[in-house]
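Only one structure is covered here, and it is reproduced in the block below.
The values are calculated or read from the model by the stated rules, or taken from the named source; none is laboratory data. Because the structure is predicted, anything quoted here is derived from the model rather than measured. Every residue, glycine as well, gets a Cβ built from its backbone with ideal geometry; the counts of neighbours run over all protein chains shown.
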Amino acid sequence: MNDLFRKAARGEPTERPPVWMMRQAGRYLPEYRELREDYSFLEAISTPEVAAEITLQPWERFRPD
């Protein structure tokens with residue numbers, strides 16, 4: 001976690017607001033939908049490699065804080 005987010009979470013002044021991306025933000029991504037064609041929800045969250053890929057997809061696309 002970076003300092004910008006930590007400062008904002010503590011209520012300290014920051015140079016800009018941090019970006020917070022909820023996991024649900026990736027559901028509309030084509031990469032997510034393609035992956036879900038091969039895995040059920042339970043398979044996806046039970047397979048560490050797939051769960052990690054799904055979790056990182058929005059970050060990879062948008063590169064937020």
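Restricting attention to the range 35-58, the residues that are of a type in the set (S, T, N, Q) and without any contact (Cβ under 8 Å) to a residue 24 or more places away in the chain total 3. Looking at the range 9-42, which of the residues that are of a type in the set (A, V, I, L, M, F, W, C), loosely packed, with under 11 Cβ neighbours inside 10 Å and over 18 Å from residue 59 (Cβ atoms) is modelled with the lowest pLDDT? Checking each candidate, the answer is 41.
Scan the range 43-55 for residues that are surrounded by 12 or more Cβ atoms within 10 Å (Cβ to Cβ) and farther than 14 Å from residue 28 by Cα and the total you get is 7. Taking residues in the range 12-32 that are over 19 Å from residue 55 (Cα atoms), and partners anywhere that are among the hydrophobic types (A, V, I, L, M, F, W, C) and at pLDDT 75 or above, the pairs with Cβ atoms closer than 7 Å and at least 6 places apart or on different chains are 14/4; 14/8; 17/8.
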